[in-house]
Amino acid sequence: MGKNIVQKIIESHLVAGKMIPGEEIAISIDQTLTQDSTGTMAYLQFEAMGVPRVKTKKSVAYIDHNTLQAGFENADDHKYIQTVASKHGVYFSRPGNGICHQVHLERFSRPGWTLLGSDSHTPTCGGAGMLAIGAGGLDVAVAMAGGAYYLTMPKVCRVVLKGRLNPWASAKDIILEVLRRLSVKGGVGKVMEYAGEGVKTLTVPERATITNMGAELGATTSIFPSDEITREFFKAQGREEEWVELSADKDAQYDEEIKIDLSQIEPLVAKPHSPDNVDSVRNVGAIKVDQVAIGSCTNSSYLDLMKVARILKGKTVHPDVSLVIAPGSKQVYTMLAKNGALADLIDAGARILESACGPCIGMGQAPASNAVSIRTFNRNFYGRSGTPSANVYLTSPEVAAATALTGYLTHPEDVADYEDIKDITMPEEFIINDNSIIPPAEDGNKVEVVRGPNIKPFPINTPMSDKEEGVVLLKMEDNITTDHIMPSNAKLLPYRSNIPYLSDYCLTPVDPGFPARAKEAGGGFLIAGHNYGQGSSREHAALVPLYLGIKGVIAKSFARIHMANLINSGILPLTFVNEEDYDDIDQDDKLVIEDAVSQIKAGDKLIVRNVTKNKDIEVMLSLSPRLKEIILAGGLLNYTKMNA
């Protein structure tokens, strides 16, 4: 029986387990990446392991999230990351060099290799045939220390692309169509493997747009074949020798399959407040727009911004619209500057931001009150923009550019001629200048790690006790995101290395009184609906609840990365056996798990006693023996030290 691409890469990296969907496996990791929002914590955890030098083939630390320096906090974090990276063998990408996923795709991606990143959009490099997975910072720290990455063997869903896109349809519209069909929960436990004749019509940057937003499906990752199109990209990046061909066998087996006719795709838009709330631009109609933001790790490539520049050339942004554009990397920025496209953007009235995540994560450019913001980003969760009353729509760069000109959501064919962008193709050579990527010191012993006063120790749990009890501190609905659990706006991002400070903001978008109530109670339990913890990989959404004494979360279902982060922190991720029991639990109910250690060791079902309602609730803790040991130890760091 032939193998698909996912099976081939996992098999060549398999350390433990069997490649049976649902079984726990362990794979070796070739590369890691971190960014500054999650990186400080990851490197603090790496230091705690006592390993002098990273053991991966290459690890890179990026500064691309916390780049607004309104105070000393961000700059201090940057200095810490730069010095700790230099000491321990990690390459350092300076502020301004670009967004981690765009730069990694350009300069470090390798077909057939594995990449683990402390950012949920790490799957971007799947566009180059890499098995790239987002994870919590502690998992990445373990990988840097030479440890395997453990995950549940995913199902593989074959996405067959037929035909080719019509004018004005884009790669962004392909992934929005997948989201429309499958929803933000549709990829959980799966890898999306793209195939079919339509793949050959997509460049690597276009493929990367699709794999990037595969994170919004809840998928483990997404991947494309490595073919002649991939080879052309690597050649243009001066890395042709790193290219290898990688494709599925003709008789490869898949767990699921969906088919998409590219010729039927039209410009789409994700409406507030979810990436799967998708409709066509034509159906949504000419809504009045206040802001347009173009960029992010999804749509900030050279090809994307060249199309935007052509659409805007010789025209003027509507007077009621604020247009901001962030090139994805220094490479993109430089090429736009040298060929004159940057001048076209500026002449049209665009505000050019530095090569960073920026408004995508709420780091600046928050819309006005009640504003409509059209963005080429990957998420439009409630409040993520920094303005809770704003309505954020997700579109392609082409739609965004057209909208900026008219002041209303606009199909690009209404204001532009497709012939103007038809000739924009992959350049034969990209401009290559890696002088903003600093290699680590040859002798780490000579490097002093600099720690600013805002860097506080991360919380460490204690081993599981025989009796776990507490009150229900908060009951929540479906699709609670990591932005709900631990907000990540411009005011809070500078404190990513200060868990005590962040604790005052935990879950405040759901209930402003939660932090004070949790501290007064000394901890307790959280109740949630489906897909709890969707969104970012930020482990702060587990570390801050740990600091507040959260013992467990009982939910209808969990998002993959957040569930892993809860386990790594020693917080029980419990699911209802009978979802009707969700209705019988209220805030302030007292819950008790008697004989918790024995129950966890005995099987997958546990009994939680609702003392207030005098009722027993069956919950599931369907974990491998290793993960149960991590929970019992009080988290992955404790477990690692115990087994060192």
> (1) surrounded by fewer than 13 Cβ atoms within 10 Å (Cβ to Cβ); (2) not in a loop (DSSP other than H, G, I, E, B): which one isn't true of ASP586, the others all being true?
Replying inline: (2)
> With respect to the numbered conditions (1) within 22 Å of ILE20 (Cβ to Cβ); (2) surrounded by fewer than 22 Cβ atoms within 10 Å (Cβ to Cβ), which one is the sole condition not fulfilled by ILE223?
Replying inline: (2)
>> Among the listed residues PHE430, PHE381, identify the single one that is at pLDDT 95 or above, assigned to a loop (DSSP other than H, G, I, E, B) and out of contact with any Lys or Arg (no Cβ under 8 Å at 6 or more places or on another chain).
In response: PHE430
>> Quick check on my filter: what residues within region 346-373 are within 20 Å of the chain's Cα centre (by Cα) and either buried (at least 22 other Cβ atoms within 10 Å of the Cβ) or among the charged types (D, E, K, R) (or both)?
In response: SER355, ALA356, CYS357, GLY358, PRO359, CYS360, ILE361, GLY362, MET363
> Regarding THR640, is this residue hydroxyl-bearing (Ser, Thr, Tyr) and either in a loop (DSSP other than H, G, I, E, B) or closer than 25 Å to SER488 by Cβ (or both)?
Replying inline: no
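Okay, residues lined up against (1) within 20 Å of the chain's Cα centre (by Cα); (2) under 30 Å from VAL160 (Cα atoms):
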{"position": "LEU14", "(1), (2)": "no, yes"}
{"position": "PRO21", "(1), (2)": "no, yes"}
{"position": "THR38", "(1), (2)": "yes, no"}
{"position": "MET49", "(1), (2)": "no, no"}
{"position": "ARG53", "(1), (2)": "no, no"}
{"position": "ASN74", "(1), (2)": "no, no"}
> Are any of the residues in region 497-515 of a type outside the set (D, E, K, R), out of contact with any helix residue (DSSP H, G or I) (no Cβ under 9 Å at 6 or more places or on another chain) and modelled with pLDDT under 95?
Replying inline: no
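On the given criteria, is GLY96 in a loop (DSSP other than H, G, I, E, B) and modelled with pLDDT under 95? Working first, answer last.
On the way: in a loop (DSSP other than H, G, I, E, B): yes; modelled with pLDDT under 95: no.
No; evaluated as a whole, the condition is false for this residue.
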> Of these, ASP279, ASP261, ASP304, ASP255, which one is under 25 Å from GLY187 (Cβ atoms), of a type in the set (D, E, K, R) and buried (at least 20 other Cβ atoms within 10 Å of the Cβ)?
Replying inline: ASP304
> So which residues in region 536-557 are closer than 20 Å to LYS467 by Cβ, in contact with a Ser or Thr (Cβ under 7 Å, 6 or more places away or on another chain) and either outside the structural domain of GLU520 (by TED's automatic domain parsing) or free of Cβ contacts under 8 Å to residues at least 60 places away in the same chain (or both)?
Replying inline: LEU548
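Just name the residue that is nearest to MET426 (Cα to Cα) out of those in region 275-319 that are part of a loop (DSSP other than H, G, I, E, B) and touching a Lys or Arg at 6+ places or on another chain (Cβ under 9 Å).
Selected residue: ASN299.
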> From the residues in region 235-268 that are outside any loop (DSSP other than H, G, I, E, B) and of a type in the set (Lys, Arg), which one is nearest to SER280 (Cα to Cα)?
Replying inline: LYS259
>> Looking at (1) in contact with a Ser or Thr (Cβ under 8 Å, 6 or more places away or on another chain); (2) surrounded by fewer than 18 Cβ atoms within 10 Å (Cβ to Cβ); (3) at pLDDT below 95, which one does ILE455 not meet, given that it meets all the others?
In response: (2)
> In the set VAL244, VAL284, VAL199, which member is over 26 Å from the mean Cα position of the chain (by Cα), within 30 Å of PHE108 (Cα to Cα) and not hydroxyl-bearing (Ser, Thr, Tyr)?
Replying inline: VAL244
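The values are calculated or read from the model by the stated rules, or taken from the named source; none is laboratory data. The model shown is predicted, which means the values in this text are computed figures rather than measured ones. Neighbour counts are summed over all protein chains in view; Cβ atoms, including those assigned to glycine, are modelled from backbone coordinates with ideal geometry.
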